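Everything below concerns the one structure shown next.
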Amino acid sequence: MHLKFEKVPSGDLTKKAEYFGVSDFARVHHSPRPDLAISKKWGPRSFFIPSRHEESVEEIDNFVVRPDDVWIVGFPKSGTTWTQEMVWQICNDLDFEKGKSIELYERSPFLEAGTILNMESNAQSMAKIDALSSPRVIKSHLPAPLLPKGIWTVKPRIIYIARNIKDTAISFYHLYRNIFGYRGTFNDYIEAFLGDAVLFTPLEGHITDYWNVKNESNVLFLTYEEMKKDLKEVLRKTSKFLGKTYSEDQIKALEDHLSFSKMASNKSVNFEGHLIELSTATRSDRDMEFKFMRKGKVGSYNEEMTPEMIEQFDTQIRKRHSEYKAAPELLDIFLGKSLVI
C-alpha cells in the first residue's frame, strides 16, 4: 500500500487538536506509486487526519472518476466554496435561478465529508456523487496523494485554489470553533496549526504538491488573492479551461453573482441551514454572529494574530519553503506578499 498510517500518540498536542467526536488522529505517509508516475512529483510529507480515515482509503482510492468530471480542490477555507460556485455556474451556462433552487452541497457534493465530522459516511457521500448526471462538479479538501487514483489516470479537469497561509489558518479557526466544535483556545489552535495538528496540515505541503502538477493539461491552479484582485480575468481563464465561451456582459453578470455580498446572502451557497444543524450538534456555545461567509478579505489575519504569531508563521513558512525546495513563486503565495486589502 502506498499509504502508511502512523497513530499520533496522545499528548498535549493532540489535546489541542481535538474537536467534536474526534480525538484519535494519524499522520498518513505516502510513497511514490508504481501505477502513478505523477506521484513522483509529491513530496515525502505526512498529513494530519482522523485515524478513521484509514477505513475509507481503499474505497476512496477506487472511486470511479469520469473523464468529464470537474474537481474543485483546496485546503478548507482557502476559497473552495467561492470557486465551487464559479465552476458550477460556468459548467451550467450561468443558470443563476437553477443554482438558487438547489443548495450548492447538493449540486456539488464533497468527497471526504465522512472523514471530517462523521455526520455522513464516505459511502453516503460517494453515493450522492454517483447520482449526479455528467458533467459532475465535485469538491474535496484532500491532499493530492489521498485523492482517488482515477483522478490521475482518467485525468478529469482539476481546479486547485490556494490562499495565503495566515488568512487560511484564521478562517479555518472560526470554522473549527463554530462548526467542528473545537473547544481549545485560539492560542491552542495556533500551536496545533504550527505543529501540523490541524486537519490536512501541513498547508505548505498541501499547496506544494498541487503546484508541482499545475503544468498538467487538466490542472488549473488559482489563488484566492488573484480572484480578489481581478475576478473577471479569472472567470475568463476558468471558462476557457472548461471549454466555455461567454460574452463580456455574461462575465460581468457572473462577477456580480460571485461578489462577497451576493454570496453571503445567497442561501444556496452560504450554508445557513447546515450551520444551524451542525453547530447545534457540535457545540452550544458557538459565536452567535458567526457566518460561513465571514469577511471575504485578504490580509485579515492582521486583525487577529499577534505580531509574535505572525513572526512564528513567517519563520516556519520560509523554513519549509526552503526545505521543500519549492518554486520561488510559492513563497509569495504562502506569505501573501501580493495581498489585496
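To keep it simple, each residue is scored yes or no on (1) closer than 14 Å to Met86 by Cα; (2) within 21 Å of the chain's Cα centre (by Cα); (3) modelled with pLDDT of 95 or more; (4) of a type outside the set (Lys, Arg).
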position	(1), (2), (3), (4)
Glu216	no, yes, yes, yes
Phe221	no, yes, yes, yes
Leu242	yes, yes, yes, yes
Ser265	no, no, no, yes
Ser268	yes, yes, no, yes
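Going through the stretch 1-33 one residue at a time, which ones are under 19 Å from Tyr173 (Cβ atoms) and open to solvent by 40 Å² or more (accessible area, probe 1.4 Å)? Please lay out each step first, then the result.
Of the residues in the stretch 1-33, the ones under 19 Å from Tyr173 (Cβ atoms) are 12-23, 25.
Residues satisfying the conditions are Asp12, Leu13, Lys15, Glu18, Phe20, Gly21, Ser23.
Could you tell me whether Gln84 is modelled with pLDDT of 90 or more, in contact with a Lys or Arg (Cβ under 7 Å, 6 or more places away or on another chain) and open to solvent by less than 10 Å² (accessible area, probe 1.4 Å)?
On the way: modelled with pLDDT of 90 or more: yes; in contact with a Lys or Arg (Cβ under 7 Å, 6 or more places away or on another chain): yes; open to solvent by less than 10 Å² (accessible area, probe 1.4 Å): yes.
Yes, satisfied.
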Considering each residue of the stretch 138-158, count those that are surrounded by 20 or more Cβ atoms within 10 Å (Cβ to Cβ) and either within 21 Å of Gly205 (Cα to Cα) or of a type outside the set (Lys, Arg) (or both), and give that number. 14
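Would you please name the residue that is nearest to Val87 (Cα to Cα), looking only at residues in the stretch 127-137 that are aliphatic (A, V, I, L, M) and open to solvent by less than 10 Å² (accessible area, probe 1.4 Å)? Please lay out each step first, then the result.
Keep residues of the stretch 127-137 that are aliphatic (A, V, I, L, M), which gives 127, 129, 131-132, 137.
After this cut, where a residue has to be open to solvent by less than 10 Å² (accessible area, probe 1.4 Å) as well, the list is 129, 137.
Values: Ile129: 16, Val137: 8 Å.
Only one residue tops the list, namely Val137.
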Matching residues in the stretch 159-172 - criterion: being in contact with a helix residue (DSSP H, G or I) (Cβ under 7 Å, 6 or more places away or on another chain) and either without any contact (Cβ under 8 Å) to a residue 12 or more places away in the chain or not in a loop (DSSP other than H, G, I, E, B) (or both): Ile159, Tyr160, Ile161, Ala162, Ile165, Lys166, Asp167, Thr168, Ala169, Ile170
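Counting only residues that are part of a loop (DSSP other than H, G, I, E, B) and open to solvent by 10 Å² or more (accessible area, probe 1.4 Å), which one in the stretch 185-201 is modelled with the lowest pLDDT? Please lay out each step first, then the result.
Pass one, the stretch 185-201, residues part of a loop (DSSP other than H, G, I, E, B): 185, 195-201.
Those left that are additionally open to solvent by 10 Å² or more (accessible area, probe 1.4 Å): 185, 195-196.
On the way: Thr185: 93, Gly195: 96, Asp196: 97.
In this case the residue turns out to be Thr185.
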Out of the stretch 211-248, which residues are over 20 Å from Lys337 (Cα atoms), open to solvent by less than 30 Å² (accessible area, probe 1.4 Å) and touching a helix residue (DSSP H, G or I) at 6+ places or on another chain (Cβ under 8 Å)? Val213, Val219, Leu220, Leu235, Thr238, Ser239, Leu242
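The values are calculated or read from the model by the stated rules, or taken from the named source; none is laboratory data. Remember, predicted model here, so these are calculated numbers, not experimental data. Neighbour counts run over all protein chains shown; Cβ positions are idealised from the backbone, glycine included. These area figures cover heavy atoms from the full protein model, side chains too; ligands, DNA and RNA do not enter into them. Shrake-Rupley method; radii C 1.70, N 1.55, O 1.52, S 1.80 Å.
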